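Enquirer: The structure that follows is given in the form of structure tokens.
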Amino acid sequence: MDPLFTASDYPSNQSSNASEANSTVAYWNQFVQPVWRIVLWAIAYSSIVVVSVVGNVVVIWIILAHKRMRTVTNYFLVNLAFAEASMSAFNTVVNFTYAVHNEWYFGLVYCRFHNFFPIAAVFASIYSMTAIALDRYVAIIHPLQQRMSAIETKVIIGVIWILALLLAFPQYYYSNTDQLPGRVVCYIDWPEYTVWDFKKIYYVCVAVLIYFLPLLVMGCAYLEVGLTLWASEIPGDSSDRYQEQLTAKRKVVKMMIVVVCTFALCWLPFHVYFLLHQFFPHLFERPFIQQVYLAVMWLAMSSTMYNPIIYCCLNDRFRAGFKQAFHWCPCLPDASYEGLELKSTRYLQTQTSVYKTSRMETTISTVLQPAEEEPRGVVPTWGSSHVAAADRRPSGDLTSNGSSSRSVSKTVSETSSFYSSSNLPE
């Protein structure tokens, strides 16, 4: 995330006089790494940036460029992808550079942004996932309740970002740079109060608000949803339509559970690390702690690159979108371009059935229509006695036959309407 959770706030607390500043420099100069180790860490962090930015940008394009993908859940996925791509692009490399060199090269303005934005982005990410969990809960546990509209979804996303910016504002307001002997540092100049420790309280609140509380809410929501989808069945409803809807809902919930669990596992060491630092600072006075910090930060930042991979592996439509986005890649065969309009296989099969049924209706109407209009006194070239008998039938029978043909056509038409209206996926 940002080094201001770590050593970057130390100069403020330890440089009240020149001697303390000099001792701080001597301490942090112990964190010197060999070149080969820096190169390996640089490759690891750079891979996060490339995979995260490219993958999340493709996710945003898949959803916004295809009308069929613009659902409530996917709007929150757009917000999640934007937050993760932004944090990866603007903070990962800078954070790594500062953690390795312990010197700030980017000025006061970016120092404030660098401390401010990651907390806002993580807040927006995890509360987008929370909103998806609650939306799934309402859709499955209370199916008769009205769902959120597109406008309401955008308003919720706006509220999430406003709250995120408010939570991160102290990091921006108290950020500062300082010139120490031989280097510049970016740190947070936390106010000191005699009654209570503002810095410690703030970090505890941040950990609760952007990790433990939303995970608790999502855990309860998905537990209830999982029990409903996997441990219970609707009595007497075993239709194909019901089973298809149940399977589709299970797939979406399974995908989001994987996303949430991945986020939780990636960020757990990060929050444990910094909470321990607030209460047991003496544990972090050894040189090896720099490697621990780089590993913990890499794992946390890597959470931004896993979601596009999860979407591609667990969702057919996202997989089709990724194939379309990377159609130039020689490893993708031409046959893999099916479903580029991001429609499910069942949808395409339904459209084929509708087309065949319409052709059947047209054929029946074409074949039966001449029989209605055939003059009664003309004997066809069939030459059969049955034809002659049919020719001598009263007009009432012929009218009955005409009604029967129209009835067949009407039945086929109604069947076509049923397939086109009720079998399309939601």
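Here, each number is a calculation from the coordinates, and none is a lab measurement. Model, not experiment: these values are computed from the prediction. For neighbour counting, all protein chains shown are included, and Cβ atoms are generated from backbone atoms with ideal geometry for every residue, glycine included.
Enquirer: Given a Förster radius of 22 Å and the C-beta distance between Arg37 and Phe280 as r, what FRET efficiency does 1/(1 + (r/R0)^6) yield to the nearest 0.05?
Expert: The computed FRET efficiency comes out at 0.25.
Enquirer: Taking H placed 1.01 Å from N in the peptide plane, check which residues at least 5 places from Leu180 or on another chain put their amide H under 5 Å from its amide H.
Expert: Val185
Enquirer: Let me ask you something else. Defining a contact as two alpha carbons under 8 Å apart and six or more residues distant in sequence, what relative contact order in percent does segment 3-337 show? Present the calculation step by step, with values, prior to reporting the outcome.
Expert: Numbers: 334 pairs, mean separation 80.2, N = 335.
It comes to 24 percent, rounded to a whole number.
Enquirer: Inverting the mean 1/r over all pairs of different Cα atoms, compute the Kirkwood radius of segment 108-255 and quote it in Å. Walk me through the intermediate numbers first.
Expert: Values: mean 1/r = 0.0537 Å⁻¹.
18.6 Å is the Kirkwood radius here.
Enquirer: Let me ask something else. Amide H neighbours of Ser175 under 5 Å, at least 5 residues apart or on other chains, H built in the peptide plane: list them.
Expert: Residues meeting the criterion, in which the H sits 1.01 Å from N, are Asp189.
Enquirer: At each listed q (0.06, 0.11 Å⁻¹), what is the log10 of I(q)/I(0) that the Debye formula gives for segment 3-337 modelled as equal alpha-carbon point scatterers?
Expert: Computed log10 I(q)/I(0) values: -0.26, -0.79.
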